[in-house]
Every structure is written in structure tokens, then in C-alpha cells.
Amino acid sequence: MENKQNLQEQLKISLQKIRHQITELEMLDSRSKRPQELFTALFISSPIGIFIVQDGKFLDVNPQFEKMIGFTKTELQGTNSLNLVVPENRDHVKENAIKMLKSYPTPPYEYRVIQKSGNIKWIMETVTSIQYLGKPATLGNFMDITERKLTEEALRESQEHYWDLFENANDLIYIHDLKGKFTSINKNAEQISGYTREEALQVGFLDVVAPEDAETAGTQIVRDIFKGRIPTYELDIITKSGNRVPLEIRPRLLYKNGKPYAVQGIARDITERKLMENQLRATNQRLLDIIEFLPDATFVIDRNQKVIAWNRATEDMTGLNKKDIIGQGEYAYAIPFYGYPRPMLLDLITVSDEDIKEHYKEIRREGESLYTEIFAPGVYNGEGAYIWVKASPLFDTDGNRVGAIESIRDISQRKHYEEQLRYLSLHDKLTGLYNRNYFEEEIRRIENSRFSPTGLLMCDVDGLKLVNDTLGHDAGDKLLISVARVIEKCFRADDIVARVGGDEFSIIMLRSSDAVVEAACQRVREAVDKYNSNNPDIPISLSIGFAVRNAPSLSMHEVFQAADNNMYREKLHRRQSARSAIVKTLMKALQARDFLTEGHAVRIQELVVILGENIGLPAHRITDLRLLAEFHDIGKVGISDNILFKPGPLTQEEIFEMQRHPEIGHRIALSAPDLVPIADWILKHHEWWNGKGYPLGLEGEEIPMECRLLSIADAYDAMTSDRPYRKAMTKDEAISELIRCAGIQFDPYLVDLFIEIINKEEG
């Protein structure tokens, strides 16, 4: 605007000078050439376009006019001056010309002209009335203002654009002076605040800010913008209706002539965003609550690898409280697990499987999740544990990766069970030696591998069934364990010692000749002898056979068969002697019982022999009767001492267990050649005359004579001897009891005979 005024003033001055000079020229004598020369010089050299029009037609133009219009003076002389004017502006030019001719003030005015080239130029023109060559004429001068007009147009368009943006912006836009008084607000600000523009001009910025945000608005914002910052703040405003609206504002200073004069703010209604943030916060809190109470140790990191969640299970596993780890990064979360900063599985989700193996030997990938199992030495106060790990990425609603989550489960117990199962799949549960499955796998491996001499030994435990039947399976298991320990001590570390059956053991000796294998057999026999000398209660008896694969053409199956056959042959030679040895051992065990050390067996032998001779039994039956008296209770070796020596009455279950000893004794006797003749009597020696005895319920003379004789002698000696559960009876008390039980438990005839003999022997 100032530029336009300067131009107008310049044109006025220029026009006045030229007009004055023209007037002077006309007043001078035509013979005077000096003024005319001066006018001509001014006309020609003027930087402003000058023209003279008379009767609407050009009379003269100066060079600057020619330059501006593109037409020469010759081309213009005599032409209508309005031909140069853009048709839309001709009326405007005519109006100004008429005013000028009527002597009305005619300030500089603007219009467009058409150059010879056809281009349009904006000019500012000033005209005045003169006398030229004795007739009225119009003197005009103009300046090219095209550039200014273009600038003004751009500015106008910019202002219009600014106003359009200001007025129609989706955001609130406001301007207030440095005292906080609003000077302008846009439409959106009107709608949200409830104030019209006129109303807004009557209030200040701080008047609409929520009280709790007044300090921020009045102090912090002012301080920041005067320091040249353009901060972003969140605050609430109170609308005209009293509602609360959260805004995000960005204020800045406005300057004029280098000095701040106002503040412009752009504000955005963030009600919906705040609602979403609150919902997101609530959702995140629910997720954190879920994570917090997950049974698996679980933690979460953000995109910057900083911990944002660390649940209770993780605290329990690591001993690290969440307040000490939340916000930590740079692999700090790995320290309580592994003892030093290192990538954990959630850090490696986007890493190639090959690179992951630098930290985890075995991984499994399902979709975008990773799985592994690893030993974490740092957990549980350094005790360590095997852990199962799952890591997955976390995404926002737009699909952008925002973090990762890792779940960790203690699988130490499972690993322990797996190891146990693996151990059990390869080892015998009872002895701890390799089992048949492993043995057979090794046989196949040897068969398919490069040949080398291989020895195979088979060992069979003699008399195991007898021990199980008499002493119980616990005793049999102890015997097998003892055999396993004796055998494995006789072999090298790389030899394979296995239990391949109930009473069968097998040993594979790699890279072994016949001599080496035979020497091993001898070591086993010597070890058995040494064991038996130190453990006489239940001796070990082994039948051993071996064979050697000393040629590639010989299969391991053939070697196994040969070793098994050799072992079986030895077993046939040892069977009877082994069983006899066991029976003798059992008898020693029987004789070791407290009440037997008092000569029970000897005394009843004497009693049954007297009875047998008195009823006329032949000598060979008397001999067997002596044997029965000695071994009739051999089955008691299979009865627990807790029952056998119980001081008080037995329970029904204990009685039932005690009544098993005739059957146990019967099985023992059948296993020993020397006792086979009396095996049946051992089974029946607790049958009663009235059929109420055990185990068969025989009655009267169904009961063998030897058993009837033994029952009376055994009862009498038992009654007259101290037992753990009672004191001994007198002779008379014992006889009275025999008489009472005659016809019930005992053969009445034999009872009378026995009393007569006793009275006579002790009379």
C-alpha cells in the first residue's frame, strides 16, 4: 500500500512539472528556442511514460512510452488512445478523462493496456488538461506497475488463502494479545467453545482455561514462547455451557516490525483421543493384570528393548523385584537368568535361525513365535533350572511392531522325569544296569559296525525262584542287586553289563579275545566266592557261559546263542548242588531264631522217635520222622520276625501270614533232593484231627501218621518252653491241655500213648 502511494505521488509531481513547462512554453515567444529545447529534453529523457492526446488521438509519446507499449510514436500518432486499453478498463479510463476535462480532481488511477506483443501490462496513470498548439489536450504520464500488481495479487490470494485456512480449519485457531485478550477466533473455535466471535473478544485466554491448568497456561506457556520455543501442551478449557473439553495446543508469538504483538494458537480437540487413550490405558492395565497373574514367568519389552512388564512369577523365579527392572534395557533383564547381559529369545525374533544358534542351540519357529529349552543358571538364587521359553512380537492396531513378550516355564521336574524315563528306557530299574532294549540295540550296532573281536558272557542266577518262594520277592530282589554289584565290578568301564531277564545277566566285551573273556569269567567266579564268604545268609550261585565273535562271518546272534548254550550246560551241572546249598543256608537261618537255639528241634526229635517206636514204625520211617522233626518249620524263614516274635496276640492278618509257613516249607523241600521225601508231611503238619487245621483242612486219619505224631510232640515242647509271647507251662499244665485238645486238634489215641510215655520217662 505504501508503494502504491509513493508511485501515485511520484506521478503527480512528474505531471505537474511537465504541465508547468508546457504552460511556460506556450507563454513564450515562438522565437525563443531555449525553453522548447528544455521541454524536449525533459520529454525524451523522462523515466515515466508521457503522452499527449488531443481529440482522443495520440499526438505525441516519449521514448519511455514507446518502450512500455511496444509501439513507435509514428505507429501511435493519430490512433485512438483507447485502443491500447483493455476493453474491460475503457469505461474506467473514459470516466477519469471526463472528470479531468470538467476540472474534477483526478488522482492517479490504474488500468491495463495491451502491448504490441499482445501482453497485458498494468499501469498507473495521471492525466491533466493542457493547451497544446492552441487547442485543449490531455497530458498523461504513467508507470509500469505490473510487478507491483502481481505482488499485490499474490498477497491478496495469500491473505484469502490464509483466511480460508483460518476460518475453515478443522483445528481451533485463536489469536490473543500479549495480555491474553482474544482478538480473533475461527469457526471451529466458536463451535467448540460455544462463544461467538463477538463474545470471545470480551474474554481472555485464561478465562476459558480449566482452573487446574491455569498455571501451565499463564506461566509455562508464556515462558516457553518468549524463549523462542513452539511447545505443545495439553489442557482443558471450560466451554460457555460449562462443559470440559481437552485440547492439544501449539502457541507461537506473532511479530510486527520485529516486535511481538500477539499470540497465535492452534488447538485440537483431543476428546476422542483422550477417550481412546483411557480405553487403551485400561486395556493395557487389564493386559498387565493378566500378565501379572500368569503362572508362567512373563516379561515384556518395548520397541526400545526396555522392560515394561515383569510379573510375580518372574519375580519369584529371578528374585528381582519389578521396581528394580522396569524401564531397564541393554539386556539387563537377562542378568538374573544367565548371570550376564545377553540377548534373550524375544530379542532374536527377527534374527535368522543360524544367528540365533549363537545363543540357543535348539529353537523352534511357529509363525512369528520362537520356542526353546535351555538351562538358566542364575534363577532360584543361583541354583539354576531348566526352562521352556516362548517369545512373540507385539503389534499395535496398525500392525506396527511395538515390543515383544517372553514366557518362561520351569521344566526342571519335567526334565528330571524325562531323564528318568530315558534312563529307565536304557537301564534296568532294579539293578541300575543296562536293560535288554539297550543290550539288543548294542548288539545291532556292533553287527553293523566295523568288525573287531567281541566277547559275550551270559550269567544266570541259580535258585532265584526258591529264594522268592521262600523268603519273598524282596529277598530275591536284594539277591539280584547283590549279583549286579558283584558282576559290574569285574568288568572294564567300556564293557556293557546288562540285565536281560529276570535272573539273567549279559556282558558285552568290546575288542576282547578268548583269553580276555575267559579271564573275566574267572574274575566273576572269584568275586562270587568272596561275596559268599562275607555274606553267608543267602549265597550267590551263578551259572556262566561265554562265546567270542572272532570273525566277521560270525553274527552277534550266533555268538549270543553259543554263550547262552554254554551257560545252560553249566547250569545243569550246578542245579542240584546250588539248591542244596540254599536249603542249608535257609536251615541255618531257621536255627538262628531265638527259640530254636534252645534245642527245640532236638527235643521233638527225641519225642517223635519214642512215639514212633511205641506204635511200631519201621526204621526207615523213623529216619524220615527225625528229618521231619528237624525241618518241619523251615517255611518260617519266609515269615517276618515282626510276626514270628511278636510278644502279644497276632491280628487276623498276622495269623493268616503265619499260616503260610507250611506251604513255604513244602516248596523249599521240593527244591532240595534230601527233603523231597518229607515235603508232603511239611505241608500237612498243622492239620487238625477235627478238620479245622490248615492249609488243606484234612481230618482224622486223612492226616499222615507222621504229622499226627509231630503235632503232639511239637505242641508239648512248645508249651513247656519259653516263647516271646508267654512263659513256659508246667508238665501237668501241658498234659491237661493235650487232654483237652484230644479229639479236636490231636489224635486221641496218640495223646493217651504220649502221656503214658511222658509219665513213664519222667516218673
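Details
- Label-to-label distance, nm, for residues given as Arg445 and Ser736 (7 Å Cα→Cβ offset): 7.8 nm
- With the highest mean first, a sort of the peptides 368-375, 522-529 on other beta-carbon atoms found within 10 angstrom per residue produces 368-375, 522-529.
- Were the residues from Ser425 through Lys361 laid out at 0.36 nm apart, the gain over their Cα-Cα distance would be 20.5 nm.
- Global geometry of segment 677-730, whether rounded, prolate or oblate, following the gyration tensor of its Cα atoms and the 1.5 cut on a/c: prolate
- Length added when fully stretched, Asp680-Asn565, from 0.36 nm per residue minus Cα-Cα: 37.9 nm
- Taking the Cα centre of the chain as origin and assigning +1 to Lys and Arg Cβ atoms and -1 to Asp and Glu Cβ atoms, the resulting dipole is close to 4940 debye.
- Backbone N under 17 Å from the Asp207 label point (7 Å along Cα→Cβ), restricted to segment 230-258: 237-243
- Segment 49-161 - Debye-derived log10 I(q)/I(0), Cα point model, q = 0.14 Å⁻¹: -0.57
- When the alpha carbon gyration tensor of segment 390-476 is reduced to an equivalent ellipsoid, the three semi-axes, largest first, read 51, 24, 7 Å.
- Scalar couplings 3J(HN,Hα) for segment 475-488, obtained by applying the Karplus form with A = 6.51, B = -1.76, C = 1.60 to θ = phi - 60°, are 5, x, 5, 4, 5, 5, 4, 4, 4, 4, 5, 5, 5, 5 Hz; x denotes Gly and Pro.
- Each peptide in 431-442, 146-157, 683-694 gets a packing score, the mean of other Cβ atoms within 10 Å over its residues, and the list from highest to lowest is 683-694, 431-442, 146-157.
- Burial ranking of peptide ranges 171-177, 130-136 (average Cβ count within 10 Å, highest at the top): 171-177, 130-136
- Size descriptor for segment 289-416, Kirkwood hydrodynamic radius: 14.7 Å (Cα pairs only, one decimal).
- Which of Phe51, Ile739, Leu554, positive extreme of dipole for the chain (C-beta unit charges): Phe51
- Segment 188-336 - Rg over Rh from alpha carbon coordinates, Kirkwood radius: 1.18
- Put in line by how crowded their Cβ is, counting other Cβ atoms within 10 Å and starting with the fewest, Phe299, Phe645, Phe182, Phe71 read Phe645, Phe71, Phe182, Phe299.
- For segment 60-70, Karplus couplings with θ = phi - 60° (6.51, -1.76, 1.60), whole Hz, Gly/Pro x: 7, 9, 8, x, 5, 5, 4, 4, 5, 8, x
- Simple Cβ-charge dipole of segment 593-762, Lys/Arg +1 and Asp/Glu -1, about Cα centre, in debye nearest 20: 280 debye
- When Rg and Dmax are taken over the Cα atoms of segment 169-269, they come to 12.6, 40 Å.
- Mean residue ellipticity (222 nm) of the chain, computed from DSSP H runs ≥ 4 via -39,500 (n - 2.57), nearest 500: -14500 deg cm²/dmol
- Label separation (Leu280 vs Thr151): 4.8 nm, computed from points 7 Å beyond Cα along the C-beta direction.
- With R₀ set to 25 Å, the beta-carbon distance separating Glu354 from Val402 gives a calculated FRET efficiency near 0.40.
- Phi angles of segment 171-186 translate, via the Karplus equation with coefficients 6.51, -1.76, 1.60 and θ = phi - 60°, into HN-Hα couplings of 8, 7, 10, 9, 10, 9, 6, 5, 8, x, 7, 4, 10, 6, 9, 8 Hz per residue; Gly and Pro are given as x.
- Expressed as a fraction of 2.2 N^0.38 Å, the value expected for a compact globular protein of N residues, the C-alpha radius of gyration of segment 431-574 is 1.04.
- 5 angstrom amide H check on Ala297, placed H, neighbours 5+ away: Ile408, Asp410
- Annotation: the chain has a Kirkwood hydrodynamic radius of 41.4 angstrom, from the mean reciprocal C-alpha pair distance.
- The distance from the alpha carbon centre of segment 415-472 to that of segment 338-390 is 37 Å, rounded to a whole number.
- Distant-in-sequence amide H partners of Asp60 (H built 1.01 Å from N, under 5 Å): Ile52
- The alpha-carbon positions of segment 77-128 define a convex hull whose volume is 80 Å³ per residue.
- Label separation (Glu613 vs Leu133): 19.8 nm, computed from points 7 Å beyond Cα along the C-beta direction.
- If the chain linking Gln220 and Leu554 were pulled fully straight, counting 0.36 nm for each residue of separation and taking away their Cα-Cα distance, it would gain 110.4 nm.
- Pairs of Cα atoms farther than 20 Å apart, segment 593-762, %: 52 percent
- Separation of alpha-carbon centers, segment 531-550 and segment 597-667, rounded to whole Å: 33 Å
We did not get these values from a lab; they are worked out from the coordinates using the rules stated. Everything numeric in this text was worked out from a predicted model, so none of it was measured. For neighbour counting, all protein chains shown are included, and Cβ atoms are generated from backbone atoms with ideal geometry for every residue, glycine included.
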